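Structure record follows, encoded as structure tokens.
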Amino acid sequence: MQTDNLPESIQRKTPFILVVTRNGHMSEPVMDYAVNVAERMHCSILAAHINTLPFYRDGGRRSNLFTTAMQESAAMFEAKAAAKGVGVEHASDSGKIGKAVKRLCHPGGRRIEFVVVDQGIKLDEVTAQSPVPVFTVNSPKYKAGLQRKTSHSHFFQKGVHRMSTATRKRHVQNTFIFGGLTAALYAAVFTSQEAVMTYFTKGGIYAALPVALVFAVSYFHGNFTSSFWSALGIESSKTTATRTAEIRVEKPVTAPARKDTRPRAEVNA
Amino acid sequence: MHGPVTEVLQFIDLNAYSVLFLFLVGFIGGLVSGFIGSGGAFVLTPGMMSLGVPGTVAVASNMCHKFPKALVGAIKRFKYGQVDIKLGLIMGVFAEIGVQIGIMVQRSILEKFGQAGSNLYVSFIFVVVLVTVGSFVMRDAIKMKKSTGPVKVGTALARRLQQIELWPMITFKTANLRISMWFLVPVALATGMLAATIAVGGFIGVPGLMYIIGATSIVASATELVIAFVMGLGGTLIWAYYGSVDIRLVMIILAGSLFGVQLGAIGTTYVKDYMIKYVMAVIMLIVAVSRFFAIPKYLNELHVTSLSETSVSLMTRISFGVMCFALLTGATIILVNLFKARSLERAVLARG
């Protein structure tokens, strides 16, 4: 890396903080942290959305949702940064996180001071490849987890596709696919009733036949009925779906520690 | 019951009426099972027999439809985070042992007192268990409904038992409890024995999990599905070994019951905790009534009473009717609550 040989103009350019996410929606604490630090250090922000599964086999559905989510996320980041007078640039890439970070930190491009990674990225993957320090943002308010990925959907108008939302159309599709398979299975059994009844009631080792058949029925018909009700819009309660009845709470012996809700960085250079 | 079948089995011809009947009973039974963890099976065996299916085939086919239904229900409710798989599997294994003990007890009674004595024994167990456990669950459900403050988790008995450190202690994460295996085993054995006697182990299994082990009613009813799966699979393998499963009947019932079990499982995410207890208690108490009507027939056979042939057959029919009524009542309560809670939630979401 011969940074000395680079033209002066590049070296003098405003430094950037690279913020990397592999989720469609970047989590808010990460955005807040990046904006605060960038303001303090007179940096700009380079927000990178990395699609780590570009070839996910669902007919491009994931990639489309990812792009939509990314646009939402970018708009939100810009709004946050504009409020503090920080510049934001966006980059999207696909492939492995480590390699993408390495590409973005390339000395020929922008000058990256350090990297901030979002939830869902393994730190080792980035630190192994990154030429600059890497930070994660540890926010007590938002625990890492899948359910937080889309936490700022309220920011945008309703009805926008979200990455974790399975659409009604998909349920209808599944209803027809599994409905067809179930119908085929039933038709096969009932058209050849005689043969089926002869073999299935032979007993002994033939006992495996009825058991295997009902397992097949429970798979095909189970999936069919599940998507059938979902396609009709009859699904589990939105408010209590994650509730597993009453959860036993043990009383703490000591006074609970006061919560520090500020996002903060962890150094892992 | 699981003995070798020596007589030549008769498999019935299916017609539109019997197909429709099995499908509907399957659906309603599935709905109830998905919601309270078991049930529905007690109507299917006599129901199939009324269509002319021989007793052995009816019991075997009922058993064979039970475990796929329980499997599908358990998977669905696992997605909602309600199932404690470890608890279910351990209980299931001991319940299977309980089934074998139950069969031995049945056999010895059959040898000593004959068919009528055995039937009377089954009815007696039916009435005693359903009335005592059913009224206890009902009382608890009403108490829970009335209480406005924070609900106390687990009964005093369950909390006491959980404090006894007796090797081997087992921790159950989803059920959120730690208890000695020595308290699980009797509940599981009783569940299996009841299943062997009256075909619905859940009437002891679910209350046992709630009041003795200390799980919540949602976790208890969901975990019962795993127990039912283990017991049902074991029973089916034995019945199928003797070739008594009529796969056509099983598939027709399953066609209906899988629709039901999904809907029942969805229902649990909408209702309050006491609702599961309430539905369970209502069904248990009504079924207990139905068995009263079955007793005169057996008393007649034992020559204790001498009622006329017509009144006995009428009583038998009433008994079956009341059982169907029990299932229908349970299904209605579940559906009404599901759709009420759903439209309420939609209204709230639309507003907010």
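The values are calculated or read from the model by the stated rules, or taken from the named source; none is laboratory data. Everything numeric in this text was worked out from a predicted model, so none of it was measured. Note: ideal-geometry Cβ built from the backbone for every residue, glycine included; neighbour counts use all protein chains shown. Only protein heavy atoms, including side chains, enter the accessible area calculation; ligands, DNA and RNA are left aside. Shrake-Rupley method; radii C 1.70, N 1.55, O 1.52, S 1.80 Å.
Evaluate the charge dipole of the protein assembly as shown about its Cα centre and quote only its size in Debye, nearest 20, assuming +1 on the Cβ of each Lys and Arg and -1 on the Cβ of each Asp and Glu.
Rounded to the nearest 20 debye, it is 1840 debye.
Which whole-Hz couplings ³J(HN,Hα) result when phi for each residue of segment B:318-335 is put into the Karplus expression 6.51 cos²θ - 1.76 cosθ + 1.60, θ = phi - 60°, listed in order with x for Gly and Pro?
Each residue's phi maps through the Karplus curve to give 4, 4, 5, x, 5, 4, 4, 4, 4, 5, 5, 4, x, 4, 5, 4, 4, 5 Hz.
With an 8 Å cut-off on Cα pairs and a minimum separation of 6 or more residues, tell me the relative contact order of segment B:20-112 in percent.
Averaging sequence separation for qualifying contacts and normalising by length gives 18 percent for segment B:20-112.
Return a whole-number percent for the relative contact order of chain B, with Cα pairs under 8 Å and 6 or more residues apart as the contact set.
Result for chain B is 33 percent.
Would you compute, from DSSP H runs of 4+ residues alone, the mean residue ellipticity of the protein assembly as shown at 222 nm, taking -39500 (n - 2.57) per run and dividing by the full residue count, rounded to the nearest 500?
-21000 deg cm²/dmol
Counting only protein heavy atoms and using a 1.4 Å probe, what share of the accessible area of segment B:156-235 belongs to carbon plus sulfur, as a whole percent?
The value for segment B:156-235 is 69 percent carbon and sulfur by accessible area.
Roughly to the nearest percent, how much of the accessible area of segment B:78-140 is carbon and sulfur, given a 1.4 Å probe?
74 percent
What list of ³J(HN,Hα) couplings, whole Hz, do you get for segment B:343-350 from phi and the Karplus terms 6.51, -1.76, 1.60, once you set θ to phi - 60° and write x for glycine and proline?
These are the phi-based 3J(HN,Hα) values: 5, 5, 5, 4, 4, 5, 5, 5 Hz.
Between B:Leu328 and B:Arg139, what FRET efficiency comes out of the Förster formula 1/(1 + (r/R0)^6) with R0 = 25 Å and r the beta carbon distance, rounded to 0.05? Display every interim value, and only then the final one.
Details: r = 24 Å, r/R0 = 0.95.
With a Förster radius of 25 Å, E is 0.60.
What total accessible surface area, summed over both chains, is buried at the interface between chains B and A, computed with a 1.4 Å probe and given in Å² to the nearest 100?
It comes to approximately 4000 Å² buried between B and A.
Using a 10 angstrom cutoff on alpha carbons, build the Gaussian network for chain B and name the most mobile of B:Leu184, B:Leu130, B:Leu157.
Maximum fluctuation in the GNM of chain B, among the listed residues, is at B:Leu157.
For segment B:325-352, which residues drop by 40 square angstrom or more in accessible area between the chain on its own and all protein chains together (1.4 Å probe)?
For segment B:325-352, once contacts with the other chains are taken into account, B:Arg342, B:Glu345 lose 40 Å² or more.
Among B:Ile109, B:Ile286, B:Ile334, which one shows the highest mean-square fluctuation when chain B is modelled as a Gaussian network with alpha-carbon springs under 10 Å?
Maximum among the listed residues: B:Ile109.
Out of B:Ile198, B:Ile170, B:Gly102, whose Cα points farthest toward the positive end of the dipole of segment B:16-351 (charges: +1 Lys, Arg; -1 Asp, Glu; placed on Cβ)?
Final value for the positive-end residue is B:Ile170.
Report the full-extension gain for the segment B:Met49 to B:Arg178: residue separation times 0.36 nm, less the Cα-Cα distance, to one decimal in nm.
Length difference between fully extended and current span is 42.1 nm.
For the residue pair A:Asp124 and B:Ile85, what label-to-label distance in nm results when each label sits 7 Å from Cα along the Cα-to-beta-carbon direction?
Spacing of the two 7 Å Cα→Cβ label points: 2.5 nm.
State, as an integer percentage, the relative contact order of segment A:168-231 based on alpha-carbon contacts under 8 Å between residues 6 or more apart.
Over segment A:168-231, the number comes to 66 percent.
Over segment B:16-351, give the accessible area per residue in Å² for a 1.4 Å probe, as an integer.
40 Å²
I'd like to check one number: the per residue accessible area of segment A:79-122, probe 1.4 Å, reported in Å² as a whole number.
Heavy-atom accessible area per residue stands at 49 Å².
Would you work out the charge dipole size for chain B about its Cα centre, treating the Cβ of every Lys and Arg as +1 and the Cβ of every Asp and Glu as -1, and quote it to the nearest 20 debye?
1440 debye
Using modelled backbone amide H atoms (1.01 Å from N, in-plane), which distant-in-sequence or interchain residues come within less than 5 Å of B:Ser180's amide H?
Those qualifying (amide H under 5 Å, at least 5 residues apart or on another chain) are B:Leu166, B:Ile170.
Using a 1.4 Å probe on the protein heavy atoms, what percent of the accessible area of segment A:168-231 belongs to carbon and sulfur?
Details: 2260 of 3300 Å².
Here it works out to 69 percent.
Please list 3J(HN,Hα) in residue order for segment A:195-205, calculated via the Karplus relation 6.51 cos²θ - 1.76 cosθ + 1.60 where θ = phi - 60°; whole Hz, with x for glycine and proline.
Using θ = phi - 60°, the values come out as 4, 4, 5, 5, 6, 6, 9, 5, x, x, 5 Hz.
What FRET efficiency comes out for the pair B:Val128/A:Met41, r = Cβ-Cβ distance, R0 = 60 Å, nearest 0.05? Intermediate values should be presented prior to the final figure.
Details: r = 78 Å, r/R0 = 1.30.
Using R0 = 60 Å, I get an efficiency of 0.15.
Among B:Leu130, B:Asn337, B:Phe78, pick out the residue whose Cα is farthest towards the positive end of the charge dipole of chain B, where Lys and Arg carry +1 and Asp and Glu carry -1 on C-beta, about the Cα centre.
Highest projection toward the positive end goes to B:Asn337.
Which one, B:Leu314, A:Ser44, B:Met144, projects farthest toward the positive side of the charge dipole computed for the protein assembly as shown from Cβ point charges (K/R +1, D/E -1)?
A:Ser44
Sequence-distant or interchain residues sharing an amide H contact under 5 Å with A:Glu89, placed H: which?
Here A:Ile45, A:Leu46, A:Ala47 satisfy the definition.
If each of B:Leu110 and B:Met169 carries a label point 7 Å out from its Cα toward its Cβ, how far apart are those two points in nm?
Calculated label separation equals 4.4 nm.
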